[in-house]
Amino acid sequence: MSHTAVSAASLASKARVAPKFTRAGARGCAHSRSSAVKVTAAKGDVLLEVKDLTAKVAETGEEILTGVTLTIKEGETHAIMGKNGSGKSTFTKVLVGHPSYEVTGGTATFRGQDLFAMEPEERARTGLFLSFQSPIEVPGVSNTDFLRMMCNERRKSRGEPELDPLEFYGFLTPKLEQLNMDPSFLARNVNEGFSGGEKKRNEILQLAVMESEMSILDEIDSGLDVDALRDVAAAVNVLKEGDKGLLLITHYQRLLDAIHPDFVHVMQKGKIVQTGDVSIAAKLEEGGFEALTAK
């Protein structure tokens with residue numbers, strides 16, 4: 001599941017079996033760096049808006065993000081590509097409140113609310129979801145119980161009544177059918193004994209249950225064979241319909257061939273250095289990041 005069972009509150013919901021994190025470091029400090037590319041989107045209202053975001057590793061002080069600016073509107077799909085170490089995954093973790101990173105400048109808002117003024121679980125309850133590359137196993141916790149806890153945390157945040165087990169099964173069954181998922185997932189413990197593809201499918205099921213407005217998928221294609229990638233991409237395409245926002249982190253064009261983004265961004269040295277359409281991915285396949293970002 002997203003990141004680890006221990007830090008899951010910062011990634012999907014307090015219901016994701018995790019303790020409460022404290023926010024590290026300065027939040028929203030005044031900052032003058034603004035060399036990143038700002039996306040001017042063309043669809044609905046703004047979901048996620050990040051301006052001049054800088055952040056460092058809390059333990060070592062190493063600066064990772066050096067001025068990220070990005071706007072995602074309702075109904076848009078964005079992708080960020082970049083070399084290992086360019087700051088892609090750090091960016092996603094900072095947005096959801098991972099305690100290993102300290103924000104040193106800039107702002108981030110979700111539906112106009114200051115993300116850095118919220119605890120990690122609050123960010124999740126408002127509709128921000130992050131799926132990580134390597135979901136861990138949670139022995140002894142059944143998928144059904146785990147998913148129902150997640151669902152009820154989200155419902156409480158929206159002022160809706162909690163679902164009892166029978167009501168939840170009625171809520172969940174259509175989602176399994178919609179995502180073409182085997183109901184046997186429900187009887188298993190969270191990710192225990194799952195293949196890589198099954199773990200990724202389970203992440204998408206969690207996303208479906210959370211009904212999040214803004215989803216960040218960090219290398220959801222990592223470790224998947226062709227068939228598994230096709231199935232996961234098909235499920236994501238179902239969930240991103242309507243006014244939902246989606247941010248993909250990936251190294252490969254093959255994911256973007258299956259989930260078509262409106263914008264593709266290139267990240268380098270902790271900032272977005274280039275923005276365009278999906279043709280950027282094709283250029284990366286041909287000439288690599290050096291050729292694309294060369295001055």
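The values are calculated or read from the model by the stated rules, or taken from the named source; none is laboratory data. Keep in mind that what you see is a predicted model, and the values were worked out from it rather than measured. Note that we place each Cβ from the backbone using ideal geometry, even for glycine, and neighbour counts take in every protein chain shown.
For the reader, a short list of remarks on this structure follows.
- Criterion (over 14 Å from the mean Cα position of the chain (by Cα), assigned to a strand (DSSP E or B) and among the basic types (Lys, Arg)) met by exactly one of 83, 51: 51
- The set of residues in the stretch 110-120 that are part of a strand (DSSP E or B) and crowded, with 18+ Cβ neighbours inside 10 Å contains only 110.
- In the stretch 54-80, the residues that are farther than 18 Å from residue 246 by Cβ and in contact (Cβ under 8 Å) with a residue 60 or more places away in the chain reach residues that are among the aromatic types (Phe, Trp, Tyr) and crowded, with 20+ Cβ neighbours inside 10 Å with C-beta atoms within less than 9 angstrom, at least six apart or across chains, in these pairs: 64/91; 64/101; 65/91; 65/101.
- Only one entry of 283, 269 meets the criterion of being over 25 Å from residue 111 (Cβ atoms), more than 19 Å from the chain's Cα centre (by Cα) and without any contact (Cβ under 8 Å) to a residue 24 or more places away in the chain, and that entry is 283.
- Pair list, Cβ < 8 Å and 6+ apart or interchain, from the stretch 100-128 residues that are at negative phi to residues that are of a type in the set (Lys, Arg) and part of a strand (DSSP E or B): 101/56; 102/56; 104/56; 107/51; 108/51
- Residue satisfying all of: in the stretch 177-214; among the polar types (S, T, N, Q) and loosely packed, with under 15 Cβ neighbours inside 10 Å; farthest from residue 152 (Cα to Cα) among these: 195
- Subset tally (residues that are closer than 29 Å to residue 249 by Cα and modelled with pLDDT under 90) for the stretch 127-141: 10
- Considering only residues in the stretch 86-109 that are outside any helix (DSSP H, G or I) and among the hydroxyl-bearing types (Ser, Thr, Tyr), the one that is nearest to residue 281 (Cα to Cα) turns out to be 86.
- Flag set for residue 154, criterion: out of contact with any strand residue (DSSP E or B) (no Cβ under 7 Å at 6 or more places or on another chain), among the basic types (Lys, Arg) and crowded, with 18+ Cβ neighbours inside 10 Å.
- Qualifying residues in the stretch 129-147 (those that are closer than 11 Å to residue 191 by Cβ, out of contact with any helix residue (DSSP H, G or I) (no Cβ under 6 Å at 6 or more places or on another chain) and not hydroxyl-bearing (Ser, Thr, Tyr)) - the one surrounded by the most Cβ atoms within 10 Å (Cβ to Cβ): 146
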